[in-house]
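J.: Take a look at this one; I'll ask things after.
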Amino acid sequence: MSHKDTLLSRAGTSLCILLITGVVMTGSAFALTNEDCLGCHGDKSMSTQKDGKTISLYVDDETYKQTVHADNGCVSCHVEAEVAGDEHPFPMTPVNCESCHEKIGAIYEKSAHGIARAKGDKLAPFCKDCHSQHDILKPTNPRSTTYPLNIPYTCGRCHQEGSAMTTTHELNKHNITQNYSMSVHGKGLFESGLIVTAVCSSCHTSHNVQKASVPTSSVNRDNIINTCNQCHVGIVEKFKKSVHSPLVTKTDKKLPVCIDCHTDHSIAQVHDKDFRLIIAKQCGNCHEHNSETYLETYHGRASMLKGGERTAKCSDCHGSHSIMPAQDPSSKINTANIVKTCSQCHPNANLSFTTYLTHATHNDKDKYPYLFYTFWAMTGLLVGTFGFFGMHTILWVPRSLIERLKAMTKGH
Amino acid sequence: MSKTPTMYVERFSVFQRFIHLLIIISFLTLAVTGMALKFAMEGWAVQIADLFGGFAVLGALHRACAVITFFYFFLTMILLYTTWKESKKSLFGFIFDPEGLVPNLTDLKEMIGTLKWFFGGKRPYYGHWIYWEKFDFMAVFWGIAVIGSSGLALWFPVLFSKYFPGYWLNIATIIHSDEALLAAGFIFTIHFYNTHLRPEKFPLDPVIFVGSISVDELKHERPREYDLLVASGELDKLITRRAPTPWLQRMATVFGIFIVTTGSFLVVSIIITMFKYIQGAH
């Protein structure tokens, strides 16, 4: 063999290697196109049996072309199929979105859903359970499962009484979807079609969903103010300056956060009857004595009857987010402001009027001696009067019976 | 049909009966609407508020009936004034008339006599007004003064606080509500029993609605009045054969029993509630 031949042979080998390498590198382009896959999966009748159920393996190409993944080939997700060529192994390993959506995948793995799935919980949702499979649309697309208007339905598939999830999991909160629909957020969404309103994921996050008991959860007590602050910036600003804020009050006691007064899923419009009627109860969770004594007064008594939402509630006098103790000059019940506060309902109120005890009780002798003694004087009067006349009546009964019988026998 | 026609004597004039009708309507409404607020935490009170359409309606009715109360108080004053003028007595003589409405020594004696009678003694020689009736009448002065004045303070709290400390409204609330409890409790038990529910009268004494009673009844129930009328010759002037019309008697029975029943229901609810609290307090 001549040197020339050797050179030629070498060049040929190099070309071959180059060609082969090129084929391998651009494999997908040459090997499996979406058309190849649709050759089988474009058939509507294509299906398989799993756990006794028929599962369709049909992929609607028209729909797929409108999805966010329209430019991706089937094999970019179904990687196993690529290597296989004509007949891919069956069943295939589930699609791993994380290969592209790496960051989200990492977050998901640490979420309540991800942890449950890692533990083998078959009902724990994976990407496709919320995002669907071949019809994933942008969250801004009204047809997307993650479009704000659809999120309550997407989450509600599991987080609702009667769902498959409830057969193996205990629900901490009940009637979440119904309560949400009736809430100020739910009404905003469903009645007004307000897509900037809070939906499930606004508070719970979408991928980092955690139980409220987890310290890092967005709905944990310690984080809830920041969560609400995503939208209610002005309110949170006021709140942070109020007596309820940990920035103002240094205490070991539990300070209230948004949900303690407003509740969570059933959060109502503050002017709503239903919300106004629970204010005294909500404040009473911490301010028990004040709530009880309020209920003894006219405002409290009337609030228990139909139409009672109209009478003064805690927040009407004390304020809500910027609430301050009475001795603070900015407090609504500070002497400087109280006449104005009472005047909201009682026009022409004066300072003397404001000495009315809105949390009066006749049971506190030291604090309210006048009320205590008035009550017991009145009680004495009642007991005395009823004692005497009650006795009078009881003694009269047999005598009156005898008289009646006498009259009857006389009559006949 | 008895052989001798029954004779009747007028006990209450049309004006007096009208006043009592106003009292019944306003007092019962005041009691129902007021007690619903006093016992707002009870189911029965909530039902009353629902039935009337809310606490605002209860409040409006309560105030309307307060106006009726002040009105019948005024009518009672007119009644007393005309009665005084007709009696041709001095003011002192009218007020302290032994047969009048102001309690006197005879009433004390009769009360002791009554207690003896309960245990088998002789029935006292009662006159036109018996002490328990006088007590009921005195409530017009005592009750309206106390409940009325405290009620006015609560009705116009801003005005009231211009002249008195605001916290007196809290005192007024206790007085108003407990005095009302006394009044309602008294009328719906003691007055109802003394006048209507005791076996001799059960279920109703319609005289306050029909106005007249038979002479036989008068003679039996109020022998002193009867004897005084005979002695003065007044009986012949007052006596009439005209019995209350059957229509009036039926109306009186239906209305009277309705009122007595309603009041009784309210007082039973209150008593059950009070027992619940007394038990709960221990």
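J.: Being in contact with an Asp or Glu (Cβ under 6 Å, 6 or more places away or on another chain) and not in a helix (DSSP H, G or I) is the filter here, so list the residues in region B:101-148 that pass it. Break it down stepwise before answering.
T.: First, pick out the residues of region B:101-148 that are in contact with an Asp or Glu (Cβ under 6 Å, 6 or more places away or on another chain): B:124, B:127-128, B:131, B:146-147.
B:Pro124, B:Gly127, B:His128 - these are the residues of region B:101-148 that are in contact with an Asp or Glu (Cβ under 6 Å, 6 or more places away or on another chain) and not in a helix (DSSP H, G or I).
J.: Looking at A:Thr197, A:Thr145, which is the one that is assigned to a loop (DSSP other than H, G, I, E, B) and under 25 Å from A:Asp272 (Cα atoms)?
T.: On the way: A:Thr145 fails: under 25 Å from A:Asp272 (Cα atoms).
Going through A:Thr197, A:Thr145 in turn, the sole match is A:Thr197.
J.: Right, next: From the residues in region A:284-312 that are closer than 19 Å to A:Ser331 by Cβ and outside any helix (DSSP H, G or I), which one is farthest from the other protein chains (Cβ to nearest Cβ)?
T.: Applying the filter and picking the extreme gives A:Cys286.
J.: Would you confirm whether any residue within region B:153-169 is in contact (Cβ under 8 Å) with a residue 24 or more places away in the chain and either facing chain A (nearest Cβ under 7 Å) or closer than 18 Å to B:His62 by Cα (or both)? Walk me through it before giving the result.
T.: Here is the first cut: in region B:153-169, the residues in contact (Cβ under 8 Å) with a residue 24 or more places away in the chain are B:155.
Imposing the further condition that a residue be either facing chain A (nearest Cβ under 7 Å) or closer than 18 Å to B:His62 by Cα (or both) reduces the set to B:155.
Yes, region B:153-169 contains a residue that is in contact (Cβ under 8 Å) with a residue 24 or more places away in the chain and either facing chain A (nearest Cβ under 7 Å) or closer than 18 Å to B:His62 by Cα (or both).
J.: Okay, next question. For region B:200-215, which positions are more than 22 Å from B:Ile23 (Cβ to Cβ) and in contact (Cβ under 8 Å) with a residue 40 or more places away in the chain?
T.: Those that are more than 22 Å from B:Ile23 (Cβ to Cβ) and in contact (Cβ under 8 Å) with a residue 40 or more places away in the chain: B:Ser214, B:Val215.
J.: Please state which of the following conditions A:Lys332 fails to meet, knowing it meets all the rest: (1) within 18 Å of B:Val158 (Cα to Cα); (2) assigned to a loop (DSSP other than H, G, I, E, B); (3) not hydroxyl-bearing (Ser, Thr, Tyr).
T.: A:Lys332 satisfies every listed condition except (1).
J.: Among the listed residues A:Ser303, A:Ser291, which satisfies the condition of being touching a residue at least 24 places away in the same chain (Cβ under 8 Å), surrounded by 19 or more Cβ atoms within 10 Å (Cβ to Cβ) and of a type outside the set (Phe, Trp, Tyr)? Spell out the reasoning first.
T.: Working: A:Ser291 fails: touching a residue at least 24 places away in the same chain (Cβ under 8 Å).
Going through A:Ser303, A:Ser291 in turn, the sole match is A:Ser303.
J.: Another question, then. Of (1) within 14 Å of another protein chain (Cβ to nearest Cβ); (2) without any contact (Cβ under 8 Å) to a residue 60 or more places away in the chain; (3) small (Gly, Ala, Ser), A:Ser315 satisfies all except one. Which?
T.: (1)
J.: Going by the conditions given, is B:Leu75 out of contact with any Cys (no Cβ under 7 Å at 6 or more places or on another chain) and more than 13 Å from chain A (Cβ to nearest Cβ)?
T.: Working: out of contact with any Cys (no Cβ under 7 Å at 6 or more places or on another chain): yes; more than 13 Å from chain A (Cβ to nearest Cβ): yes.
So B:Leu75 passes the test.
J.: Against the condition crowded, with 19+ Cβ neighbours inside 10 Å, farther than 22 Å from A:His262 by Cα and touching a Phe, Trp or Tyr at 6+ places or on another chain (Cβ under 8 Å), how does A:His362 come out, does it pass?
T.: Working: crowded, with 19+ Cβ neighbours inside 10 Å: yes; farther than 22 Å from A:His262 by Cα: yes; touching a Phe, Trp or Tyr at 6+ places or on another chain (Cβ under 8 Å): yes.
Yes, satisfied.
J.: Can you pull out the helices (runs of 4 or more DSSP H) entirely within region A:23-73 that have at least 2 residues that are exposed (fewer than 13 other Cβ atoms within 10 Å of the Cβ) and at pLDDT below 90?
T.: Working: elements: A:27-30, A:34-41, A:61-64.
Those helices (runs of 4 or more DSSP H) span A:27-30, A:34-41.
J.: Are there any pairs with C-beta distances below 7 angstrom linking a residue in region A:121-136 that is outside any loop (DSSP other than H, G, I, E, B) to a residue that is surrounded by 15 or more Cβ atoms within 10 Å (Cβ to Cβ) and not basic (Lys, Arg), with the two at least 6 apart or on different chains, and if so which?
T.: Listed by first residue and then by second, the contacts come to A:Cys127/A:Cys97; A:Cys130/A:Thr145; A:Cys130/A:Thr146; A:Cys130/A:Thr154; A:His131/A:Thr145; A:His131/A:Thr146.
J.: Suppose we filter B:Leu51, B:Leu37, B:Leu58 for residues that are of a type outside the set (Val, Ile, Thr), in a helix (DSSP H, G or I), in contact with a Lys or Arg (Cβ under 6 Å, 6 or more places away or on another chain) and within 14 Å of chain A (Cβ to nearest Cβ); which single one remains?
T.: Details: B:Leu51 fails: in contact with a Lys or Arg (Cβ under 6 Å, 6 or more places away or on another chain); B:Leu58 fails: in contact with a Lys or Arg (Cβ under 6 Å, 6 or more places away or on another chain).
Criteria check complete, one pass: B:Leu37.
J.: Could you tell me whether region A:241-248 includes any residue that is in a helix (DSSP H, G or I) and basic (Lys, Arg)?
T.: First, the residues of region A:241-248 that are in a helix (DSSP H, G or I): none.
No, region A:241-248 contains no residue that is in a helix (DSSP H, G or I) and basic (Lys, Arg).
J.: Do you know which residues across region A:156-179 are over 30 Å from A:Gly120 (Cβ atoms) and either of a type in the set (A, V, I, L, M, F, W, C) or touching a residue at least 24 places away in the same chain (Cβ under 8 Å) (or both)?
T.: If we filter region A:156-179 for residues that are over 30 Å from A:Gly120 (Cβ atoms), which is where we start, we get A:178-179.
Listed by number, the list holds a single entry, A:Asn179.
J.: Name the one entry in A:Val199, A:Val233 that is over 30 Å from A:Ala302 (Cβ atoms), at pLDDT 95 or above and surrounded by fewer than 16 Cβ atoms within 10 Å (Cβ to Cβ).
T.: Working: A:Val199 fails: surrounded by fewer than 16 Cβ atoms within 10 Å (Cβ to Cβ).
The unique qualifying residue is A:Val233.
J.: Collect the residues in region A:189-236 that are farther than 11 Å from A:Cys258 by Cβ and among the β-branched types (Val, Ile, Thr), keeping them in residue-number order.
T.: Correct list: A:Ile195, A:Val196, A:Thr197, A:Val199, A:Thr205, A:Val209, A:Val214, A:Thr216, A:Val233.
J.: Looking at the structure I just gave you, is A:Lys367 away from chain B (no Cβ under 11 Å), farther than 30 Å from A:Val236 by Cβ and without any contact (Cβ under 8 Å) to a residue 24 or more places away in the chain? Break it down stepwise before answering.
T.: Details: away from chain B (no Cβ under 11 Å): yes; farther than 30 Å from A:Val236 by Cβ: yes; without any contact (Cβ under 8 Å) to a residue 24 or more places away in the chain: yes.
The answer is yes for A:Lys367.
J.: Okay, next question. Looking at this structure, is B:Ile213 under 16 Å from the mean Cα position of the chain (by Cα), more than 8 Å from chain A (Cβ to nearest Cβ) and among the β-branched types (Val, Ile, Thr)?
T.: Against the criterion (under 16 Å from the mean Cα position of the chain (by Cα), more than 8 Å from chain A (Cβ to nearest Cβ) and among the β-branched types (Val, Ile, Thr)), B:Ile213 does not qualify.
J.: Let me ask another. Of the residues that make up region B:216-231, is at least one in contact (Cβ under 8 Å) with a residue 12 or more places away in the chain, within 20 Å of B:Phe12 (Cβ to Cβ) and outside any helix (DSSP H, G or I)?
T.: The answer is yes; a qualifying residue exists.
J.: Assigned to a helix (DSSP H, G or I) and farther than 21 Å from A:His101 by Cβ: does that describe A:Pro152?
T.: yes
The values are calculated or read from the model by the stated rules, or taken from the named source; none is laboratory data. Every value quoted in this text rests on a predicted model; they were computed, and no experiment measured them. Quick reminder, even Gly has a Cβ in these numbers, built from the backbone with ideal geometry, and neighbours come from all protein chains shown.
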